[in-house]
1. Given the conditions (1) over 30 Å from residue A:277 (Cα atoms); (2) in a loop (DSSP other than H, G, I, E, B); (3) more than 14 Å from chain B (Cβ to nearest Cβ), and given that residue A:485 satisfies all but one, which numbered condition is not satisfied?
2. Could you tell me which residue of region A:9-25 is farthest from the other protein chains (Cβ to nearest Cβ), considering only residues that are within 12 Å of ligand 2 (Cβ to nearest atom) and within 22 Å of residue A:78 (Cα to Cα)?
3. Of all residues in region A:153-190, how many are touching a residue at least 40 places away in the same chain (Cβ under 8 Å), outside any loop (DSSP other than H, G, I, E, B) and either under 18 Å from residue A:51 (Cβ atoms) or within 16 Å of ligand 2 (Cβ to nearest atom) (or both)?
4. Among the residues of region A:73-85, are any surrounded by fewer than 19 Cβ atoms within 10 Å (Cβ to Cβ), within 16 Å of ligand 1 (Cβ to nearest atom) and touching a residue at least 24 places away in the same chain (Cβ under 8 Å)?
5. Here is a list: A:311, A:296. Which entry is more than 13 Å from chain B (Cβ to nearest Cβ), more than 30 Å from residue A:176 (Cβ to Cβ) and in contact (Cβ under 8 Å) with a residue 60 or more places away in the chain?
6. For residue A:248, are the conditions met, namely being within 16 Å of ligand 2 (Cβ to nearest atom) and modelled with pLDDT of 90 or more?
7. Mind checking which residues of region A:29-58 are without any contact (Cβ under 8 Å) to a residue 40 or more places away in the chain, more than 9 Å from ligand 2 (Cβ to nearest atom) and under 23 Å from the mean Cα position of the chain (by Cα)?
Ligand SMILES: Nc1nc2c(ncn2[C@@H]2O[C@H](COP(=O)(O)OP(=O)(O)O)[C@@H](O)[C@H]2O)c(=O)[nH]1
Ligand SMILES: [Mg+2]
């Protein structure tokens, strides 16, 4: 196995794609939410080797989970993973000094290394000349190759270099530490062996003295009362050698690298100042925010507009499939319903989201590859830092207004684990597009007819802000009081602007979409089938018979809808809805709305078609369906203190909308949250928190409005 | 000697001291910002925070509050030319 290591944005993933082609597997490292990408790489000499694309990092001093995975993977400390046989260090040829700092640290691990100087095209453009032979000589003879992964140039040399490294096992020369420090490292190794019986490498011993709070210290299960004096002693030795222990590593490595690079890099006359010029405009004090708003608005509007048409096609395709598949099965009503309302509806339910999600990933990919994503974070950071998030939370939260699932996947770009978790936790509060049909139905059924289109728009906009209103304090409390993780400093590199490469962007979009289909797709599908079964069974033929008998003259359509409503009413779902209706009574929900809320777990918008069924207007109801609106307006409480008054009053309509704005009725979101936060703890917490909040807020709305109106 | 946070956009300074105990400073050191290094305050974000600084041929953003304890020497013989990683 060979690992690709390097700073962020150097082109590791691009090189990885070039080396492995499409033969890749994406998985997760055990216990952490760091993706593990591996693939098979042809070495060009008839042999193949497994290649792993590790997360980008600047230093082995692990503070974030991503960085910890790299350090662990390279020292062979991940269960079920072998230590790599060799490391391919990918460096940005235009900033060698900083990139080689990581290489210099890697030397301590004692693994064979090959060095790839990527982005050779840019280096050439800037007129930089790099003497790779001299550099290789100074680095102990390791293979050093220039490449431009983006253009596919030099990839053959990289393959050859990997083969050579595996064969010759060339090591990077280590830094020459003062004798005293080396002795101190040995002392630490001996002390750990004495106290815990474990053997560690001197690279790991370095992490213990040089990093202010190394994650390694926790993992060694070395008792603090044994550990602390030993580490203090080690740091004291470093200090006696003339270094601040926390600064020793960069000072020593950088001093060494300056010597290594002397005469290796010849500066060209051309300076790349294009990015600086673009920044002068895009980060301008006035034009910057204006352009930012324009870009984001355009981004967001196009997600909706471009997705609208394919969504309509998919919807009509699904409806059409039902009309084709259903009639031949008239003799088998259970099978017919399973196929039409279970399987086809389930597939349709997630296919409908696919266009939005693809476009969202496409735009996120363009923003990232162009280099604008970091600028967006730079512009927005101020607005997010006070509540414990950071500028990188902006795009996931904005995407949340389309769909929570891709937004949750895009929180991976937030390095700070604390801000990442808090962002993921508040993403479901953003008013996603599946809530829109719910608001639209309520507005069309009540607000529009009673208060006119003006108020209808006000309510629609207002509902989109409700979630935001609760998300901000939630993030604040979460980061201040609940999350105990140490926050990471917000140090962000503003990379060079670059024209995104369509192939890369499309490839990443496809990878993300495939992940959506395999993860969210299965969840949506499974929940749809479960909800179908709960609303279909039991199916006593007597129910249909009695309704048919009671309506001998009514039109067939009407009777059919009534039969369907009656079946749902006595189904497990209907019975459950009636049983828990008292819980929703303070919100003004009758049992039909309650069933709608419960049945909307596959996706919130399902409540619209459920209401269609329970209000006997037939399935397939849409938010603008005249019959459904009429049935809702006519619906009255049949018993209790409110008997005779309409169910869909101003209070109930507002309460229902507020409930949907805040509730967690979305199975796929919960499943994705569990996946992205590395366990069910946060997903369950989110469900309980959001549901409680939704219940309290909707109750408050209902009880207040009913009294004043 | 002034805190980095007080540099004007476009102004150069030589890093005089940082605090290795802090996470931000550890990050910056890993990126190559060591005492004696010349840096330039490129700009402030439109809302005033964070800052973008340039050193060793790279542009890095950091928050105002975190730039407060990085002390730079502006009187030093800072080059007019942009510093580069390899020079
Ligand atoms: N000009 C140029 N750009 C490259 C090259 N390799 C990668 N890139 C671009 O650099 C950016 C970061 O690449 P990526 O592979 O995601 O880097 P990673 O963070 O190291 O995995 C992307 O916009 C790539 O298109 C290259 O050889 N030349
Ligand atoms: Mg990558």
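1. Tallying (1) over 30 Å from residue A:277 (Cα atoms); (2) in a loop (DSSP other than H, G, I, E, B); (3) more than 14 Å from chain B (Cβ to nearest Cβ), residue A:485 fails exactly one: (3).
2. Step by step, filter region A:9-25, then rank; the result is A:16.
3. The qualifying residues number 11.
4. No, because not a single residue in region A:73-85 is surrounded by fewer than 19 Cβ atoms within 10 Å (Cβ to Cβ), within 16 Å of ligand 1 (Cβ to nearest atom) and touching a residue at least 24 places away in the same chain (Cβ under 8 Å).
5. The conditions single out A:296.
6. Considered against the rule, which asks whether it is within 16 Å of ligand 2 (Cβ to nearest atom) and modelled with pLDDT of 90 or more, residue A:248 comes out as no.
7. If the condition is that a residue be without any contact (Cβ under 8 Å) to a residue 40 or more places away in the chain, more than 9 Å from ligand 2 (Cβ to nearest atom) and under 23 Å from the mean Cα position of the chain (by Cα), then A:34, A:36, A:38, A:39 are the ones that fit.
Residues are listed down the side, and each one gets a yes or a no for (1) part of a helix (DSSP H, G or I); (2) modelled with pLDDT of 95 or more; (3) away from ligand 2 (no atom under 16 Å from the Cβ):
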{"position": "A:113", "(1), (2), (3)": "no, yes, yes"}
{"position": "A:116", "(1), (2), (3)": "no, yes, no"}
{"position": "A:124", "(1), (2), (3)": "yes, no, yes"}
{"position": "A:135", "(1), (2), (3)": "yes, yes, yes"}
{"position": "A:140", "(1), (2), (3)": "no, no, yes"}
{"position": "A:145", "(1), (2), (3)": "no, yes, yes"}
{"position": "A:151", "(1), (2), (3)": "no, no, yes"}
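The values are calculated or read from the model by the stated rules, or taken from the named source; none is laboratory data. Bear in mind that the values here come from a model prediction, so they are computed numbers and not experimental data. Don't worry about glycine lacking a Cβ; one is built from the backbone with ideal geometry, like all the others, and counts go over all protein chains shown.
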